[in-house]
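The values are calculated or read from the model by the stated rules, or taken from the named source; none is laboratory data. All values derive from a computational prediction rather than experimental measurement. Counting neighbours? That spans all protein chains shown, and the Cβs are built from the backbone with ideal geometry, glycine included. Ligands, DNA and RNA are stripped out before the accessible areas are found, and what is left, the full protein with its side chains, is counted by its heavy atoms. Shrake-Rupley method; radii C 1.70, N 1.55, O 1.52, S 1.80 Å.
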Amino acid sequence: MLAVVRELPPPVLRARGLVKRYKRVQAVNGVDLSVGAGERVALLGPNGAGKTTTLLMMLGVVTPDEGWVEIGGHRLPGARSQAATEVGFAAGYLPLPEALRVREFLHLFGELYGSADTDGAIERGLARFRIEHLAEAMGNELSSGQRTLVGIVKATMHHPRLLILDEPTASLDPDVAKRVRTGIEDLCAEEGTALLVTSHNMIEVERLCERIVFISAGQVVADGTAADVAARFGRDDLEGVFLHLAEEGER
Amino acid sequence: MSWRRVKAVARRHMYVLQRKPQRWFDVVLWPVVDALLFGSIGVYLARQAGPGSQGVAVLLSGILLFHVVFQSEISVATGFMEETWSRNLLNLLVTPLREVEYVAGTVLFGLAKLALGVGVVGTMAFVLFAFNITDIGLALVPIIAVLLVVGWSVGLIVVGLILRVGQGAEILAWGLLAFVLPLSGAFYPVDVMPAGLQYVARVLPTTHVFAAARVVLSGRALPWGQLGWAALGTGVLAVLSVVYVTRMLSAFRARGFISRYT
């Protein structure tokens, strides 16, 4: 009898052996990470664990000292521009340029990402997150929640295969955070977008992501479902794991 | 290179110019002040020197051509600085936008700014002092072309310095040309300068461009040999500026300097 071997789709993101040192600080120390097509992955860890540096290396903004990153089959840094067309990025801490209206800001990035129909993508993106009324607002008139929503619209207009979000719901009210989460879930379900997200909100992460990668002192220390990761550290939930790693880091 | 991305960058800076009144200082206010200042000094000197003096023409052509360098330099440098001030740098660095497309976008926008800024000086010079820069004729075209490339190159060097040093280097967007202006002999021949500085002045491509412009103003033919040296020097400067900014961008990525702007 012949065994049927089902080929898995190639990962949309592959990173191997990432190392980054800043003067006397070892920020990242040998991180391996793959994200499959449509997979939703959380990258968690205490402050200073190396999450943001890892994300920035994956986005080609920071050059690793060692290791490599490949997005959609495009190896960085040589094919950075092609790789960038496959990725959308938003961060809760990034403001909107104050001299631009929301529609102008989105139009700029639609053009930079090469959206097929920039104006249509803007309308659909604003509608998905129920912020059509903000289209003509200036960037500096928005609340932090509204800014985050606009940032996510910007990151998704070109239908990326991978959406990378750094602390997307940090400092948001629970209702706005829920709207962000729901919008991301809908997007991933409808378009098969893979997700790589960092967050300090463990409940949100468990709802949003099917796979958890914990990073501590620049190294991946756990990779699996939320239940697997909690069990591995002998804790009840992800928050327990987080607190345990944060305490270890302080010692 | 994507023309669509180049246009998007140029349009983004057009919005900034529309919405930030302080940006009109570089484009309108300084050109008006310079035209008035140098035109008036020229008239005064011409009165002292008597009939036939070229003081007004030399000073006004000098400041007008200097504004070609200034406007092209400042559009590249402040274009980049705007991204750092508005903390938009990370947003841009994660897009498919290539470095050459970004520079081309700021250059494209800069050409519009240049037309505006130089247009203001030219109009003021004509209206207030009856000086018409187009009297130089077609020789103006190669002269302006060389000065444009000098301005873009200096702009790239400033961007490289900001990438490496951070916001502390921003003052050089205005300050670097403040050194170039007197050393280039924009208003006088180099041989009136202190002896030691003459060697420095002769190395600068701008010195030869301003000298060539004065030759044409005096009614003689464009000294192509001198302009050729200026073009050669400008070519070397342009290559060096591209190499420098590329290396500084690599250092920026290697050292994680994006953290300064997030």
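General observations
- Only residues that are assigned to a strand (DSSP E or B), within 26 Å of A:Asp186 (Cα to Cα) and open to solvent by 20 Å² or more (accessible area, probe 1.4 Å) were counted in region A:205-251, giving 2.
- Residue within region B:216-225 that is among the aromatic types (Phe, Trp, Tyr), within 16 Å of B:Ala139 (Cβ to Cβ), open to solvent by 20 Å² or more (accessible area, probe 1.4 Å) and in a helix (DSSP H, G or I) present: yes
- Output for region A:205-251, where each listed residue is under 18 Å from the mean Cα position of the chain (by Cα) and farther than 19 Å from A:Leu18 by Cβ: A:Val205, A:Glu206, A:Arg207, A:Leu208, A:Cys209, A:Glu210, A:Gly224, A:Thr225, A:Ala226
- If you check A:Val221, A:Val180, A:Val197 for being of a type outside the set (Gly, Ala, Ser), in contact with a Gly (Cβ under 9 Å, 6 or more places away or on another chain) and touching a residue at least 40 places away in the same chain (Cβ under 8 Å), only one passes: A:Val180.
- Tallying residues that are without any contact (Cβ under 8 Å) to a residue 60 or more places away in the chain and more than 22 Å from the chain's Cα centre (by Cα) within region B:72-94 yields 5.
- Boolean, A:Asp173 is among the charged types (D, E, K, R), surrounded by fewer than 20 Cβ atoms within 10 Å (Cβ to Cβ) and under 21 Å from A:Asn47 (Cα atoms): no
- Residue in region A:112-134 that is among the hydroxyl-bearing types (Ser, Thr, Tyr), within 21 Å of B:Arg4 (Cβ to Cβ) and touching an Asp or Glu at 6+ places or on another chain (Cβ under 7 Å) present: yes
- For A:Arg128, the requirement of being within 14 Å of chain B (Cβ to nearest Cβ), open to solvent by 10 Å² or more (accessible area, probe 1.4 Å) and in contact (Cβ under 8 Å) with a residue 12 or more places away in the chain is not met.
- Filter result for B:Gly117 (crowded, with 20+ Cβ neighbours inside 10 Å, within 14 Å of chain A (Cβ to nearest Cβ) and either of a type outside the set (Asp, Glu) or within 30 Å of A:Pro77 (Cα to Cα) (or both)): no
A quick yes/no check of all residues on (1) assigned to a helix (DSSP H, G or I); (2) aliphatic (A, V, I, L, M); (3) at pLDDT below 95:
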{"residue": "A:Ala116", "(1), (2), (3)": "no, yes, yes"}
{"residue": "A:Val150", "(1), (2), (3)": "yes, yes, yes"}
{"residue": "A:Val176", "(1), (2), (3)": "yes, yes, yes"}
{"residue": "A:Arg179", "(1), (2), (3)": "yes, no, yes"}
{"residue": "A:Glu185", "(1), (2), (3)": "yes, no, yes"}
{"residue": "A:Ala189", "(1), (2), (3)": "yes, yes, yes"}
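So that you can scan it fast, the table gives a plain yes or no per residue for (1) among the small types (Gly, Ala, Ser); (2) under 17 Å from B:Ser61 (Cα atoms):
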{"residue": "B:Pro182", "(1), (2)": "no, yes"}
{"residue": "B:Ala195", "(1), (2)": "yes, no"}
{"residue": "B:Arg214", "(1), (2)": "no, yes"}
{"residue": "B:Leu237", "(1), (2)": "no, no"}
{"residue": "B:Ser241", "(1), (2)": "yes, no"}
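- Single residue of B:Leu60, B:Leu90, B:Leu64 found to be open to solvent by less than 30 Å² (accessible area, probe 1.4 Å) and within 14 Å of chain A (Cβ to nearest Cβ): B:Leu90
- Among the residues of region B:38-57, the one identified as among the aromatic types (Phe, Trp, Tyr) and loosely packed, with under 15 Cβ neighbours inside 10 Å is B:Tyr44.
- Among the residues of region A:53-94, the one identified as open to solvent by less than 30 Å² (accessible area, probe 1.4 Å) and aromatic (Phe, Trp, Tyr) is A:Phe89.
- Scanning region B:70-87 for residues that are open to solvent by less than 10 Å² (accessible area, probe 1.4 Å) and over 21 Å from B:Ile258 (Cα atoms) yields B:Gln71, B:Ser72, B:Glu73, B:Ile74, B:Ser75.
- Any chance B:Ala173 is open to solvent by 20 Å² or more (accessible area, probe 1.4 Å) and of a type outside the set (Lys, Arg): no
- When residues of region A:100-109 are limited to those that are at the interface with chain B (Cβ under 7 Å from one of its Cβ atoms) and touching a residue at least 24 places away in the same chain (Cβ under 8 Å), the one farthest from A:Leu187 (Cα to Cα): A:Leu100
- Residue satisfying condition, being open to solvent by less than 10 Å² (accessible area, probe 1.4 Å) and either on the phi < 0 side of the Ramachandran plot or within 14 Å of another protein chain (Cβ to nearest Cβ) (or both), within set A:Leu142, A:Leu112: A:Leu112
- Selection count, region A:31-52, where residues are in a strand (DSSP E or B) and open to solvent by 40 Å² or more (accessible area, probe 1.4 Å): 2
Residue-wise test of (1) open to solvent by 40 Å² or more (accessible area, probe 1.4 Å); (2) within 14 Å of chain A (Cβ to nearest Cβ); (3) not aliphatic (A, V, I, L, M).
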position	(1), (2), (3)
B:Ser153	no, no, yes
B:Leu227	no, no, no
B:Gly235	no, no, yes
B:Phe252	no, yes, yes
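- Residues in region B:18-37 that are under 18 Å from the mean Cα position of the chain (by Cα) and either surrounded by 20 or more Cβ atoms within 10 Å (Cβ to Cβ) or more than 11 Å from chain A (Cβ to nearest Cβ) (or both): B:Trp24, B:Phe25, B:Asp26, B:Val27, B:Val28, B:Leu29, B:Trp30, B:Pro31, B:Val32, B:Val33, B:Asp34, B:Ala35.
- Within the set A:Ala246, A:Ala231, A:Ala226, the sole residue that is of a type outside the set (S, T, N, Q) and in contact (Cβ under 8 Å) with a residue 60 or more places away in the chain turns out to be A:Ala246.
- Count of region B:238-250 residues, restricted to those that are open to solvent by 40 Å² or more (accessible area, probe 1.4 Å) and touching a residue at least 12 places away in the same chain (Cβ under 8 Å), is 5.
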